[in-house]
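Here's the structure we're looking at; comments come further down.
The values are calculated or read from the model by the stated rules, or taken from the named source; none is laboratory data. Note that the structure is predicted; figures quoted are calculated from it, not measured. Positions of Cβ are backbone-derived with ideal geometry, glycine not excepted, and every protein chain shown enters the neighbour counts. Calculation scope for accessible area: heavy atoms of the full protein, side chains included, ligands and nucleic acids excluded. Shrake-Rupley method; radii C 1.70, N 1.55, O 1.52, S 1.80 Å.
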Amino acid sequence: MTRRVALLTVLVPDYDAGIEFFCSVLDFELLEDTALTETKRWVRVAPRGAETGLLLAVADTDAQQARIGDQTGGRVMGFVKTADFAADHARFSARGLEFMEAPRHEPYGTVAVFRDPWGNTWDLIEHA
């Protein structure tokens with residue numbers, strides 16, 4: 001039996017704001033948006049063609065709300081791999097994405113850290 005990571009949860013303050021950021025800024029695809037109750041939805045997004053996606057979950061407890069924007073204790077939370085760093089960096093910047101540094105060239109590729117609207121940090125990376 002083959003196993004893979006299918007979804008990772010990202011806490012957001014609002015489903016629609018999460019969809020807007022991931023789909024309109026990062027060009028992710030909205031895979032599913034299903035109402036489960038009056039207040040809870042099953043919302044999945046992913047880069048087009050990716051096997052692993054994100055489950056956008058609205059934080060509904062004090063403990064969850066305290067972790068919005070700092071789900072990894074200050075470490076980079078996610079890695080968005082691209083085949084065209086320059087084009088994606090320019091497009092995302094034009095859409096208002098907050099890059100925390102200038103692009104840098106490392107032995108493993110070109111990378112720049114960005115922040116999502118809630119404070120989580122991500123790498124945009126094109127591997128060498």
**Request:** Select from the range 54-72 the residues that are over 16 Å from the mean Cα position of the chain (by Cα) and either part of a helix (DSSP H, G or I) or more than 18 Å from VAL43 (Cα to Cα) (or both) and list them in ascending order.
**Result:** THR61, ASP62, ALA63, GLN64, GLN65, ALA66
**Asked** Quick one: how many residues across the range 87-112 are of a type outside the set (Asp, Glu), surrounded by fewer than 16 Cβ atoms within 10 Å (Cβ to Cβ) and either touching a Ser or Thr at 6+ places or on another chain (Cβ under 8 Å) or under 23 Å from ALA17 (Cα atoms) (or both)?
**Response** 10
**Item:** Complete set of residues in the range 73-82 that are part of a strand (DSSP E or B) and open to solvent by 50 Å² or more (accessible area, probe 1.4 Å)
**Value:** PHE79, LYS81
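Yes or no, residue by residue, for (1) closer than 26 Å to GLU98 by Cα; (2) open to solvent by 60 Å² or more (accessible area, probe 1.4 Å); (3) in a loop (DSSP other than H, G, I, E, B):
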position: ASP16; (1), (2), (3): yes, yes, no
position: GLU20; (1), (2), (3): yes, yes, no
position: ASP33; (1), (2), (3): no, yes, no
position: ALA46; (1), (2), (3): yes, no, no
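Conditions tested, residue by residue: (1) within 16 Å of THR121 (Cα to Cα); (2) at pLDDT 95 or above; (3) of a type in the set (Ser, Thr, Tyr).
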site: THR2; (1), (2), (3): no, no, yes
site: VAL43; (1), (2), (3): no, yes, no
site: ALA57; (1), (2), (3): no, yes, no
site: GLY73; (1), (2), (3): yes, no, no
site: PHE79; (1), (2), (3): yes, yes, no
